[in-house]
Amino acid sequence: MIKYFIWDFDGVICDSADLAFKVHNEICKEYTNLPKVSNCYDYANLIQGGYDESLMKYLSKEQLKDYFYKHREKIYERRSELKLFLMVTENIKNNKIPSIIITSTYEKVVKYVLQNNGYKLDLFKEVIGREKKGSKAEKLIELCKRLNIQLNEIVYIGDSLSDVDFCNRLGVNIIAVSYGYCPKEVFKNKNILKLCNNEIELLDYINVIRNEEGGL
């Protein structure tokens, strides 16, 4: 039985890719050997596997730390530009299977974007952001222990290969979406429940899961 949907935020619920790419390119003016990103294909070519590992091909450890700090701060400064994928958000609002966010974005950004787009914070049972230490995998394991649920009783929705990798390691079922940061080609032959190329495909598949769980 599926007891929770666990959501990534950026690229799945929040339409943030264009702003993130712009901010990345602004930082590239300082780190000129870092490739610029114009679209999801550029992003997929740059980020192959882990985010940190990919960028460390071009940046030192100290530069990487500075990159992440500047990227987060610039996004926060321009947080009013961030919009939600409204069809997805409305489905979460009306779905009786509860939802939780686990994201590398600051929790304060998630809460701001929700409120700025007219949604209450209780749309999600919980939001676990960057403020909490640990990887997404570690946060997910801790969450399941705290809620006394099994890893096979959740479905994760993400938009990156790193999401797929950590879910595969834990034995967590994952739905991948290609309308965010990564194109559909990167998910070819990956161990995923379903690849959804737009919001409608995602919501249709979530409804399938909901119906299989007894019409909740």
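The values are calculated or read from the model by the stated rules, or taken from the named source; none is laboratory data. All figures in this text were calculated on a predicted structure; none of them were measured in a lab. Cβ coordinates were reconstructed from backbone atoms using ideal geometry, including for glycine residues, and neighbour counts include every protein chain displayed. Calculation scope for accessible area: heavy atoms of the full protein, side chains included, ligands and nucleic acids excluded. Shrake-Rupley method; radii C 1.70, N 1.55, O 1.52, S 1.80 Å.
When only the heavy atoms of the protein chains count and the probe is 1.4 Å, how do Cys182, Cys40 rank by accessible area, highest first?
Details: Cys182 5, Cys40 35 Å².
Highest to lowest solvent-accessible surface, that is Cys40, Cys182.
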Using the structure shown, list the pairs from Lys3/Lys125; Lys36/Lys194; Lys74/Lys111; Lys61/Lys139; Lys29/Lys74; Lys132/Lys184 with a Cα-Cα distance above 20 Å, or answer none. Lys36/Lys194; Lys61/Lys139; Lys132/Lys184
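Cβ neighbours within 10 Å, averaged per peptide: list 133-140, 192-199, 29-36 in order, most packed at the top.
On the way: 133-140: 15.0, 192-199: 17.2, 29-36: 12.5.
Peptide ranking by packing, descending: 192-199, 133-140, 29-36.
Given a 1.4 Å probe and every protein chain left where it sits, what share in percent of the accessible area of segment 153-207 is carbon and sulfur? Show your work: numbers first, answer last.
Numbers: 960 of 2260 Å².
Of all accessible area on segment 153-207, carbon and sulfur atoms account for 43 percent.
Compute the length gained on full extension between Leu193 and Asn94: take 0.36 nm times their separation in residues and subtract their Cα-Cα distance, giving the result in nm to one decimal. Don't skip to the answer; put the middle values down first.
Values: separation 99, 0.36 × 99 = 35.64 nm, distance 2.23 nm.
In short, 33.4 nm is gained.
Quickly rank 113-122, 95-104, 67-76 as a protection proxy: mean count of other C-beta atoms within 10 Å, highest first.
Values: 113-122: 13.7, 95-104: 17.8, 67-76: 15.7.
With the highest mean Cβ count within 10 Å placed first, the list reads 95-104, 67-76, 113-122.
Nearest 5 percent is fine: what portion of the DSSP beta bridges confined to the chain is antiparallel? Write out the running numbers ahead of the final one.
Details: 2 of 20 bridges.
DSSP beta bridges in the chain are roughly 10 percent antiparallel.
By Kyte-Doolittle mean hydropathy of at least -0.5 and Cα axial length of at least 18 Å, which whole DSSP H helices of the chain are selected? The partial results should precede the final answer.
Values: long enough: 61-77 (24 Å, -1.98); 199-212 (20 Å, -0.11).
TM-like helix candidates: 199-212.
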Between Leu121 and Asp42, 0.36 nm times their residue separation minus their Cα-Cα distance comes to what? 25.1 nm
With all distinct Cα pairs included, what does the Kirkwood hydrodynamic radius of the chain come out to in Å, to one decimal, could you say? 17.8
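Rank these by accessible area, largest first, 1.4 Å probe: Asp18, Asp42, Asp163. Walk me through the intermediate numbers first.
Numbers: Asp18 105, Asp42 50, Asp163 0 Å².
Largest accessible area first, the residues go Asp18, Asp42, Asp163.
Could you provide, to the nearest whole Å², the per residue accessible area of the chain with probe 1.4 Å?
Details: 10940 Å² over 216 residues.
Computed with neighbouring chains in place, this is 51 Å² per residue.
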Long-range amide H contacts for Cys14: which residues qualify at under 5 Å (H placed 1.01 Å from N, peptide plane, sequence gap of 5 or more or a different chain)? Phe85
Apply 1/(1 + (r/R0)^6) to the Cβ-Cβ distance of Asp18 and Arg146, taking R0 = 35 Å, and write down the FRET efficiency to the nearest 0.05. 0.50
Quick one: give the max-minus-min coordinate of the C-alpha atoms of segment 146-216 along each principal axis, largest first, in Å. 33, 27, 20
Segment 45-94 - convex hull of the alpha-carbon atoms, volume per residue in Å³: 126
Before rounding to the nearest 500, sum -39500 (n - 2.57) across all DSSP H runs of length at least 4 in the chain and divide by the residue total; then give [θ] at 222 nm in deg cm²/dmol. -13500 deg cm²/dmol
